[in-house]
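Step one of this worksheet: look at the structure below.
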Amino acid sequence: MLSNFCYPAVIFCAVTLPLECFAQTGPDLSAVVTVNANSYVRDIPRTLFGTNIEWIYAGYGIWDLATDALQTDIVRLAGGLSLSLVRFPSAADSYHWQDGIGPRAMRPVRMASPTGPLSAETFGTDEALSFASAAGAELMITVNVETGTPEEAAGWVQYVNGGGRRVTYWEIGNEPYLTWSGAPMAPSDYAQKVVQFSTAMRAADPGIKIGAVGGENYGQYNNVVPGWNQTLLQTAGQYIDFLAVHNSYTPVLLQPDPPDVRTVYESMLAAPQSIRGNLETLTQQIATYVPDRASQIRLAITEFGPLFQTAPSSSYVDHVKTLGSALYVASVMNAFIQSPQVDIANFFKLVDNSFMGWIGMDNGAYLVKAPYMVMQMYSQYVDQTLVSTTVNSPTFTTPPLGVVDQVTNAPYLEVIATASADRKKLTLLAVNKNFDSAVEASFTLQNFMPDPAATVWTLTGTAPDANTGTQLFQAPGIVWAPQAVYSPNGRFNQGNPSEVSIQQSTLTGVSSHLVYRFPAHSVTALILTSPKTKSRDRVLAPQ
């Protein structure tokens, strides 16, 4: 339960601001939701709750150089996420695993990429394995396909899995298709490498699961060499267990002068509609190009998250940390959960000293950001089975912006429902994307009679740009631009742990027909229990 993690860095149980402080400015909206607790959709893989870490700069502080041990605060915060997978070393195209083993004082200094920066190889395979274990997760390894060899990759498998340890998931390369890099690998070359790498790696351990990387362009999200997936799947589809894609970074502002924060955030929150469509396209490609293995080749989103811009001169570079970004994380997690082919998701990334880490810094102390908080809600409260939910909600339309196409009829209220296998618990997870108005939803619960009292967890904040107050690092030559502020009454510059919080409450008078008012810009988990399972009830299972 979230109440087990009431430490000062995260406001869950002890809250300084009541929900009434997060007041709406518009009239309530209305929605109608029907949940059929007996209508099985799919089992929800625990491997959807993964993250990314990197080797550079001692894993961005995961390895404490002063104590020569894991950084205890990062381990504690990672443990609060109930992580399943920790992907390492993420951007692997210049990484040679042999440089990161042995006595740390003897390891070389290497370039993190062909253009830098330099870093000592302090945080390598053994340290990453130790961290994943301490966080209660399994390591997922990305092997170097651009400057590495099949033999090197097979040696890595043998080093890890030949000594009593276990890494099941292995990914061949990281974004070699990327047209934005200016030097993408040819699809045929990569497909052949997948065959070679997979053959060598399975010889070292036949029980591993191997993923190839790809993607299909959609809208303005146009960064994959055309025809990549077809060539890859037709050539190497018999050699892989999953297709890894990075199709869920948004809004990625390409315009030199982005519009106001409201427009940018609304576009970001509409993007999961397009992402769902792209996941359906990828599923169809697998069925078309590898029909005999369509059910065996799964989808993995091995990097995803809010991403605005990367230049310090951008007025949006630090907006990854806001409540608006947390709403996006909840919505895109809904898309992954509802997409039957998706088995793996790793958010990018757990920690760094810049703007992308979901654990940041405040005056030298580690502090979580709003996206971390919503991921903790999902990892704690998404149950074993997705059940059928229909939502009739008011919608909104957004113009093309960044990599996001125009989106029409995006719902303000999203709801998914998950159930325990014995149907004694039903959890409703709802995202209200409206910045001004609460949504009053009328629920009909079919095949589930709840107890009259339910537990409610609500994530919200003082404004869409509210944040916990993490700070960007300061270094000679780095000048961070003043950040854009939401209008009206934006709170970006008032960052503080009390500005975004998860609060617990109790809902009484619950029945199979209930009404709940979801606050503006919020994520809510409604946890319903049933007194007992009657003898005629059955365990949920595929039909």
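Points worth noting:
Residue-by-condition table, conditions (1) in a helix (DSSP H, G or I); (2) of a type in the set (A, V, I, L, M, F, W, C); (3) in contact with a Lys or Arg (Cβ under 6 Å, 6 or more places away or on another chain); (4) modelled with pLDDT of 95 or more:
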{"position": "Y328", "(1), (2), (3), (4)": "yes, no, no, yes"}
{"position": "N334", "(1), (2), (3), (4)": "yes, no, no, yes"}
{"position": "K349", "(1), (2), (3), (4)": "no, no, no, yes"}
{"position": "N353", "(1), (2), (3), (4)": "no, no, no, no"}
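- Scanning region 386-404 turns up no residue that is within 18 Å of T470 (Cα to Cα) and in contact with a strand residue (DSSP E or B) (Cβ under 8 Å, 6 or more places away or on another chain).
- Taken together, the residues in region 109-120 that are surrounded by 10 or more Cβ atoms within 10 Å (Cβ to Cβ) and either of a type in the set (S, T, Y) or modelled with pLDDT of 95 or more (or both) amount to 2.
- In region 286-306, the residues that are more than 29 Å from V329 (Cβ to Cβ) form Cβ pairs under 7 Å with partners that are assigned to a helix (DSSP H, G or I) and polar (S, T, N, Q), at six or more places apart or across chains, as follows: Y289/Q230; Y289/Q234; R293/Q238.
- All positions within region 397-411 that are in a strand (DSSP E or B) and over 12 Å from V439 (Cβ atoms): T397, T398, L401, V404, V407, T408, N409, A410
- Evaluating A300 against the criteria (1) under 21 Å from T408 (Cα atoms); (2) under 16 Å from the mean Cα position of the chain (by Cα); (3) of a type in the set (A, V, I, L, M, F, W, C) leaves one unmet condition, (1).
- Close pairs from region 354-383: first outside the structural domain of I502 (by TED's automatic domain parsing), partner of a type in the set (D, E) and in a helix (DSSP H, G or I), Cβ under 8 Å, at least 6 apart: A365/D73; Y366/D73
- Single residue of A484, A475, A466 found to be closer than 30 Å to M361 by Cβ, modelled with pLDDT of 95 or more, surrounded by fewer than 22 Cβ atoms within 10 Å (Cβ to Cβ) and of a type outside the set (D, E): A484
- Number of the condition not met by E303 [criteria: (1) under 30 Å from W480 (Cα atoms); (2) at pLDDT 95 or above; (3) of a type in the set (D, E); (4) part of a loop (DSSP other than H, G, I, E, B)]: (4)
- The set of residues from region 27-49 being assigned to a strand (DSSP E or B) and among the aliphatic types (A, V, I, L, M) comprises L29, A31, V32, V33, V35, A37, V41.
- Residue match in region 377-385 (condition: among the aliphatic types (A, V, I, L, M), at pLDDT 95 or above, under 20 Å from N334 (Cα atoms) and in a strand (DSSP E or B)): no
- With respect to being under 27 Å from A236 (Cα atoms), modelled with pLDDT of 95 or more, hydrophobic (A, V, I, L, M, F, W, C) and out of contact with any Gly (no Cβ under 7 Å at 6 or more places or on another chain), A183 falls outside the description.
- Qualifying residue in region 489-501 (condition: part of a strand (DSSP E or B) and either free of Cβ contacts under 8 Å to residues at least 24 places away in the same chain or crowded, with 16+ Cβ neighbours inside 10 Å (or both)): yes
- Within region 50-70, restricting attention to residues that are of a type in the set (S, T, N, Q) and in contact (Cβ under 8 Å) with a residue 24 or more places away in the chain, the residue that is nearest to S119 (Cα to Cα) is N52.
- Selected residue [assigned by TED's automatic domain parsing to the domain that holds A300 and at pLDDT below 95] from G163, G215, G155: G163
- Condition met for V41 (out of contact with any helix residue (DSSP H, G or I) (no Cβ under 9 Å at 6 or more places or on another chain) and at pLDDT 95 or above): no
- Top-ranked residue of region 414-428 - restricted to ones that are farther than 11 Å from T389 by Cα and of a type in the set (A, V, I, L, M, F, W, C), ranked as surrounded by the most Cβ atoms within 10 Å (Cβ to Cβ): A419
- Taken together, the residues in region 437-457 that are assigned to a strand (DSSP E or B) and buried (at least 21 other Cβ atoms within 10 Å of the Cβ) amount to 6.
- Cβ-Cβ under 7 Å pairs, at least 6 apart or on other chains, region 438-457 side outside the structural domain of T395 (by TED's automatic domain parsing), far side among the hydrophobic types (A, V, I, L, M, F, W, C) and at pLDDT 95 or above: none
- Pairs with Cβ under 7 Å, 6+ apart, first in region 175-188 and in contact (Cβ under 8 Å) with a residue 24 or more places away in the chain and within 13 Å of G214 (Cβ to Cβ), second exposed (fewer than 14 other Cβ atoms within 10 Å of the Cβ) and not charged (D, E, K, R): P187/G227
- Of the residues making up region 132-151, those that are over 19 Å from the mean Cα position of the chain (by Cα) and either crowded, with 21+ Cβ neighbours inside 10 Å or not in a helix (DSSP H, G or I) (or both) number 7.
- Residue that is modelled with the lowest pLDDT, among those in region 405-423 that are closer than 21 Å to V35 by Cβ and of a type in the set (S, T, N, Q): S420
- Screening region 70-94 for residues that are modelled with pLDDT under 95 and under 19 Å from F131 (Cα atoms) and picking the one that is surrounded by the most Cβ atoms within 10 Å (Cβ to Cβ) gives A92.
- Residues in region 244-290 that are closer than 24 Å to R87 by Cα and part of a helix (DSSP H, G or I) were compared, and the one that is farthest from the chain's Cα centre (by Cα) is I286.
The values are calculated or read from the model by the stated rules, or taken from the named source; none is laboratory data. Remember, it's a predicted structure, so these values are computed and weren't measured experimentally. All Cβ positions, glycine included, derive from the backbone under ideal geometry; neighbour counts span all protein chains shown.
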